[in-house]
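Just so it is clear, none of the values below were taken in a lab; they were calculated from the coordinates. Note that the structure is a prediction, hence the values are computed from the model and not measured. Please note: Cβ atoms are built from the backbone with ideal geometry, for glycine as well, and neighbour counts cover all protein chains shown.
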Amino acid sequence: MTEQPHSPATRAITAGRATSGNSLAPVLWASSTWESEGLDDAHRRATAVRHGDFYSRYANPTVGEFEHAVAELEGADAALAFASGMGAIAATVLALCSSGSHIVAQHQLYAGTLAFLQGPCSRLGIDVTFVDVATPGSFADAVVPGRTMLVLAESPSNPRLELVDLEELGAIKGPLTMVDSTFATPLGQQPLAFGVDISLHSATKGIAGHNDATLGVISGEAELLDEIWAYAVLHGATPSPFDALNALRGIRTLGVRTRQQNDAARSIAVMLADHPAVRAVHYPGLSEHPQHDIATKQLLQYGSVLSFELADRDAAASFLDRIVVARCATSLGGPETLICHPATSTHASLTAEECRRAGVTDGLLRVSVGLEETMDLIADLEQALPES
Ligand SMILES: *Cc1c(COP(=O)(O)O)cnc(C)c1O
């Protein structure tokens with residue numbers, strides 16, 4: 001029988017199991033250190049790149065299995081995990097950039113990423129040019145040859161689900177390109193297939209998928225990741241093996257979870273788009289989404305997150321007071337449907353002008369669709385919406 005390439009949801013069942021022997025569940029290596037057999041062996045372990053049996057800040061076998069699983073799902077040569085999504089972003093930026101370096105990023109970013117680029121990066125003399133995702137060619141146009149080290153995109157972006165054309169991004173030559181692909185999960189989007197150098201995830205979200213792990217991960221060429229690892233070991237945003245174990249368990253069900261969440265998100269988006277009290281719905285799966293053509297080109301699933309706009313802050317507040325099945329909380333990609341008001345939570349640290357640029361209005365609500373029955377969710381959101 002010829003071997004057929006299995007679909008991603010099937011590969012998610014076995015990914016990251018190379019060193020677990022006959023155990024179907026991953027093995028938890030809680031150890032922070034490993035014993036050496038003499039000085040030659042100690043030297044070999046201490047100087048090897050990403051050696052698994054030396055000291056857990058350098059590498060850990062359970063974390064290693066999580067990295068293998070993500071690399072397999074991303075179609076990558078290798079992956080490198082961190083203690084959080086922000087740990088992945090901060091360590092990667094600082095591994096690749098120095099004082100005088102230039103970064104191109106977009107206005108519409110996860111607020112932590114934006115704060116990191118504007119605060120610590122600016123303090124360290126790393127210049128950032130922010131561009132608008134909706135303008136074609138804006139990333140490439142902002143590249144300064146010889147000085148731009150990194151082009152950092154987020155797609156779909158938080159919180160308005162704006163898309164970056166990955167083909168356009170992957171075609172940029174010179175600087176390294178990186179996409180924060182958190183909202184899509186590795187089953188919804190494959191940035192590396194478009195020529196992007198690094199795909200990044202806050203695995204705290206859909207990958208781990210149960211709100212019980214804080215993790216980040218990047219995927220790409222092994223040589224590049226080894227270089228980033230050399231800095232990451234000093235940066236110290238080291239992932240916990242317990243969280244890697246939870247994330248591996250989450251990956252096993254990524255296929256069914258994302259399928260259910262995608263279907264429900266689409267039904268909710270359609271219901272909201274038809275409701276008279278809803279001013280706008282942002283979901284790439286709707287044909288009205290201004291970038292729907294890019295969505296169909298690069299997204300394998302439209303995703304579990306959407307956002308929508310009510311008249312103002314008061315309307316958003318009363319809506320959040322009335323929801324019962326969905327809960328008012330930040331984060332995304334977990335079993336519970338979570339709704340947040342970005343202006344007062346995720347984007348609370350932004351100035352009014354920054355909120356305007358990021359598309360965060362007073363009436364904007366972000367929904368992360370969970371695993372409840374779709375009809376229960378729709379009924380819950382409908383009863384919570386204003387009468388007109
Ligand atoms: C949550 C999130 C991050 C940060 O991840 P943490 O695990 O919370 O550090 C980065 N980017 C996006 C798009 C996110 O949703």
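Taking N as the number of residues in region 67-177, what value does Rg over Cα atoms divided by 2.2 N^0.38 Å take?
So region 67-177 has a normalised radius of gyration of 1.06.
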* Provide 361, 92, 10 in ascending order of the number of other Cβ atoms located within 10 Å of each residue's Cβ, fewest first. => 10, 361, 92
* Collect residues whose amide H, placed 1.01 Å from N in the peptide plane, falls under 5 Å from the amide H of residue 180; neighbours closer than 5 in sequence don't count. => 153, 154, 155, 200
* Structure fact -> With +1 on the Cβ of every Lys and Arg and -1 on the Cβ of every Asp and Glu, the dipole magnitude of the chain about its Cα centre, in debye rounded to the nearest 20, is 320 debye
* Extended-chain gain in nm, criterion 0.36 nm per residue less alpha-carbon gap, residue 234 and residue 318 -> 25.6 nm
* On a 0 to 90 degree scale, rounded to 10, what angle separates helix 254-273 from the longest Cα axis of the chain? -> 20 degrees
* Asked: Once you treat every alpha carbon in the chain as an equal point and sum by Debye, what is log10 I(q)/I(0) at q = 0.10, 0.11 Å⁻¹?
  -> -0.64, -0.77
* At what distance in nm do the modelled label points of residue 14 and residue 280 sit from each other, each positioned 7 Å from its Cα along Cα→Cβ? -> 4.7 nm
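Nearest-5 percent of antiparallel DSSP beta bridges in region 8-252? Display every interim value, and only then the final one.
Details: 10 of 27 bridges.
So the antiparallel bridges amount to about 35 percent of the total.
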* Structure fact -> Per-residue Cβ contact counts at 10 Å, fewest first, order 302, 58 as 58, 302
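Kirkwood hydrodynamic radius of region 208-256 from all distinct Cα pairs, in Å? List each step's numbers first, then the result.
Details: mean 1/r = 0.0818 Å⁻¹.
Evaluated on region 208-256, it is 12.2 Å.
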* Structure fact -> Final fewest-first order of 268, 198 on the 10 Å Cβ neighbour count is 268, 198
* Can you list, largest first and rounded to whole Å, the semi-axes you get for region 196-322 by taking the square root of 5 times each eigenvalue of its Cα gyration tensor? -> 34, 18, 15
* Once phi is turned into ³J(HN,Hα) by the Karplus curve 6.51 cos²θ - 1.76 cosθ + 1.60 with θ = phi - 60°, what whole-Hz value does each residue of region 99-116 show in order, with x for glycine and proline? -> 3, x, 6, 10, 10, 9, 9, 10, 4, 8, 9, 3, 4, x, 5, 4, 5, 5
* For a label point 7 angstrom out from the Cα of residue 51 toward its Cβ, which stretches of region 73-91 have the backbone nitrogen within less than 19 Å? -> none
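Ratio of region 254-384's C-alpha Rg to 2.2 N^0.38 Å, to two decimals? Show your work: numbers first, answer last.
Values: Rg = 14.1 Å, N = 131, 2.2 N^0.38 = 14.0 Å.
Here the answer is 1.01, to two decimals.
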* Asked: What distance in nm separates the simple spin-label points at residue 256 and residue 297, each placed 7 Å from Cα in the Cβ direction?
  -> 3.6 nm
